[in-house]
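See below for the structure under consideration.
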Amino acid sequence: MSPGPERRLVRKAVGYVVRDRRILVFTHDDVPLEVGGVQVPAGTIEPSETPDAAVVREVLEETGVMARVVASLGVERYDVWPSKPEVHERHFFQLEPLDDSRDEQWSAGECDPSDGGSAQRWTCQWIDLEQAHVLCAGFGARLGEISPQDANSVDFRGPEGE
């Protein structure tokens, strides 16, 4: 898929932070769920950054969690039209937190978002990997690539082992 003349290609990094068979997600506090959906940490790769450096930075900025990359999970393109005239080239990564000090749920946000928008607040929480199908806007595109060994032996084949 190549972006049409009216759509700009934007490189993004997406982070699946996995701990104890759970994945870190967030919802926007001041945006209805049907508009903002359930998301994982993600953001624009700066011109001077590698995708893996960008994902570590984005996870920290958006959630306050320091993490390290466990694996690169591939690249997908996602057309965000009509929300924006952009096609996102998303680089997906599996990460693990560097400590287990976070509660099950906490508040985070950005006072000065890099896109120049207004301050944002959201609620971060850990959900079971088996429930990660709730991710919005193509953010779940590479969930099947998470290594079961690295996710504490989650069986992604379903209850029948299919």
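Listing for the model above:
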item: Neighbours by Cβ (under 9 Å, 6+ apart or cross-chain): first from segment 41-54, of a type in the set (A, V, I, L, M); second at pLDDT below 95 and in a loop (DSSP other than H, G, I, E, B); result: Ala42/Phe139
item: Residue within segment 32-41 that is assigned to a loop (DSSP other than H, G, I, E, B), within 20 Å of Gln131 (Cβ to Cβ) and of a type in the set (A, V, I, L, M, F, W, C) present; result: yes
item: Test: Arg90 is of a type in the set (Lys, Arg), modelled with pLDDT under 95 and assigned to a strand (DSSP E or B); result: no
item: Residue pairs meeting the criteria (Cβ under 8 Å; at least 6 apart or on separate chains; first under 21 Å from Asp30 (Cβ atoms), in segment 92-113; second at pLDDT below 90); result: Gly109/Ala119; Gly109/Gln120; Glu110/Ala119; Glu110/Gln120; Cys111/Ala119; Asp112/Ala119; Pro113/Ala119; Pro113/Gln120
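Residues checked against (1) assigned to a helix (DSSP H, G or I); (2) exposed (fewer than 14 other Cβ atoms within 10 Å of the Cβ); (3) modelled with pLDDT of 95 or more:
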{"site": "Gly74", "(1), (2), (3)": "no, yes, yes"}
{"site": "Trp81", "(1), (2), (3)": "no, yes, no"}
{"site": "Ser101", "(1), (2), (3)": "no, yes, no"}
{"site": "Ala108", "(1), (2), (3)": "no, no, no"}
{"site": "His133", "(1), (2), (3)": "yes, yes, no"}
{"site": "Ala151", "(1), (2), (3)": "no, no, no"}
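The values are calculated or read from the model by the stated rules, or taken from the named source; none is laboratory data. Since the structure is predicted, the reported quantities are computational estimates derived from the model, not experimental observations. Positions of Cβ are backbone-derived with ideal geometry, glycine not excepted, and every protein chain shown enters the neighbour counts.
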